[in-house]
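Below is one structure, written out as structure tokens; the observations come after it.
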Amino acid sequence: MAGHCGARAMAAPLRQRAAAGARGVCSAAAQRPWKLFGAMCLLRLPRITQPLEKVEEEMAALMEQIELEKSHYSDHEIRKLEEEEQLKKKKESLYDEDEARGKTVIMAQDLEEKWEQKFLQFKAAPRITDADKNNDRTSLNRKLDSNLMLLVKQKIGNQELWLLPQVEWQPGETLRSTAERAMATFLGDHIQAKVLGNAPYGIYKYKFPRAIRTENNVGAKVFFFKAFLQSSDLSQAGLKADHLWVTKKELGDYLKSEYLKKVNRFLLDL
Amino acid sequence: MYPSMLDLRDIAQWRGGLVSHGDTEDKQLTGRGDPCNLLLPYPKRSLGQRSLLSHLLWEEERAATARENRLCAAGDALLGCHRSYRSRPTHGIGKFKYLLPKEVPKKRKEKVQMKEIDAGTEHQYGDINIQMTSYDLCLVEHFAQYVHRLCNRLSIRVNESYAMPTKTNEVLFMEERGSKMQLDAVLTTHQRVVQIRGLSSTFAPILLEIIQSSQPEGVHLLMKQHTEADFKSRLKSRPELEELLAEMS
């Protein structure tokens, strides 16, 4: 929740800043010394729920027991009880009544047994997949219960860094379309992703090292956008550079500390 | 001039000349636009007498008003003023409405449809419906409650939070192994709707993310804008009324 509050507080001043930046640059492109980049944080939503903690499990068991004791009998259970009583009566009394009726009644007990057999035949998919066991970070099947983010290796200046995919902003397009373009360049055109909103989620600005810095080129600002991955099938996409799908906790292994700080501010990990 | 000469109050015709209080008859006589009460039905007298009397009238009037002023200026609110204040024992003596049985005004069907259009720089959504459907009743109800409380906490205005009627589906299995068997299963689908207003477009994706990440298993989530069709789907159609209307027109 702290991340969310941070993002919310950021979104309001950011909106103004982004608007000011866009307006400013449209009028005079040469004056602004900052280079603008649009980056996309592509999230794969969790497929299964996280396992309950110990307290939650105990609480759930307790509540179930209480509800069971407080609840009334359902139709099926009433039918079962009645049939059991009838069976007892039949055993005690004579068998003439049975033959007189001549009906074949499906007993509730039989139904239950049938259902149990069916349930045993059903097999649930495993929660921990192969990718988890191999710790293969390039596959999407890993860690089904948490958010996975896309990280790409990009060359900036002289260094090769792990970053969220980013692309430089061209005058005349919105920052959101810049971010979408960034996603498309690294993952191919046919990506089914839903971009959340037109406002950026976070900003990271850095100054170039003194060697490269000129009057018109002080540094760069990176605007982050968020998107949800809709389809889980990425085989069609042409993955050009090295890519990784990592969780929030593993981000620290790859990103630089300053960058990581800004990115962490808008990441929700519920 | 001669205050003792004539006691003008005694003369019925001249009574209107003095500033009398709470006397409705006089008010009718004098007319409304007459603060000084000088326009009176004069009896027929000569000019001289008239002027004298008018002088006296004016004197008496001033005296009366002076007396009045003196009374009121003395600070005694009870004497001289006829309005009942709360401290007066007879305050509210004429009230009777509280004795009558309470009338509940007849409620007509409200067709309130208020939609906000995105305006200017700060974009706001109008009415948004968050619809949650599931087979499990407890789960969907608890989730609806969670969403409602979340919106309260984030100070988003919640218009209403209602339930749509449950739909019952019967699932029939047809197994043909010589003898046809039909296994029935009865599934009930429950739907809960939370209606929200005034969601700013900067905050909307954050809210969506929170709700999506806290979505339980087996619950379908749908966020859409409120339309008239949604409103009408809650109402039941009356076939008899429609038939009568068709017959009339």
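The values are calculated or read from the model by the stated rules, or taken from the named source; none is laboratory data. Computed from a predicted model, the values in this text were never measured in an experiment. Cβ sites come from the backbone with ideal geometry, for glycine too, and all protein chains shown count toward neighbours.
Assorted remarks:
- When residues of the range A:133-163 are limited to those that are more than 14 Å from chain B (Cβ to nearest Cβ) and of a type in the set (Gly, Ala, Ser), the one surrounded by the fewest Cβ atoms within 10 Å (Cβ to Cβ): A:Gly157
- Checked against (1) surrounded by 11 or more Cβ atoms within 10 Å (Cβ to Cβ); (2) at pLDDT 85 or above, B:Glu242 passes all but condition (1).
- In the range B:212-238, the residues that are closer than 24 Å to A:Pro46 by Cβ form Cβ pairs under 7 Å with partners that are assigned to a helix (DSSP H, G or I) and among the polar types (S, T, N, Q), at six or more places apart or across chains, as follows: B:Leu221/B:Gln212.
- Any chance A:Glu85 is at pLDDT 85 or above, more than 11 Å from chain B (Cβ to nearest Cβ) and under 37 Å from the mean Cα position of the chain (by Cα): no
- Subset of the range A:108-160 that is part of a strand (DSSP E or B) and touching a residue at least 40 places away in the same chain (Cβ under 8 Å) - its residue that is farthest from A:Gly219 (Cα to Cα): A:Leu148
- Every residue from the range B:90-129 that is within 14 Å of chain A (Cβ to nearest Cβ), at pLDDT 75 or above and assigned to a loop (DSSP other than H, G, I, E, B): none
- Residue check, A:Leu268 at pLDDT below 80, more than 14 Å from chain B (Cβ to nearest Cβ) and within 20 Å of A:Pro46 (Cβ to Cβ): no
- Residues satisfying the stated conditions in the range B:212-222, i.e. closer than 12 Å to B:Gln131 by Cβ and either within 12 Å of chain A (Cβ to nearest Cβ) or of a type in the set (S, T, N, Q) (or both): B:Val219, B:Leu221
- Qualifying residue in the range B:225-236 (condition: under 21 Å from B:Glu141 (Cβ atoms), facing chain A (nearest Cβ under 9 Å) and of a type in the set (D, E, K, R)): no
- Residue in the range B:194-204 that is within 14 Å of chain A (Cβ to nearest Cβ), in contact (Cβ under 8 Å) with a residue 12 or more places away in the chain and under 30 Å from A:Lys114 (Cβ atoms) present: no
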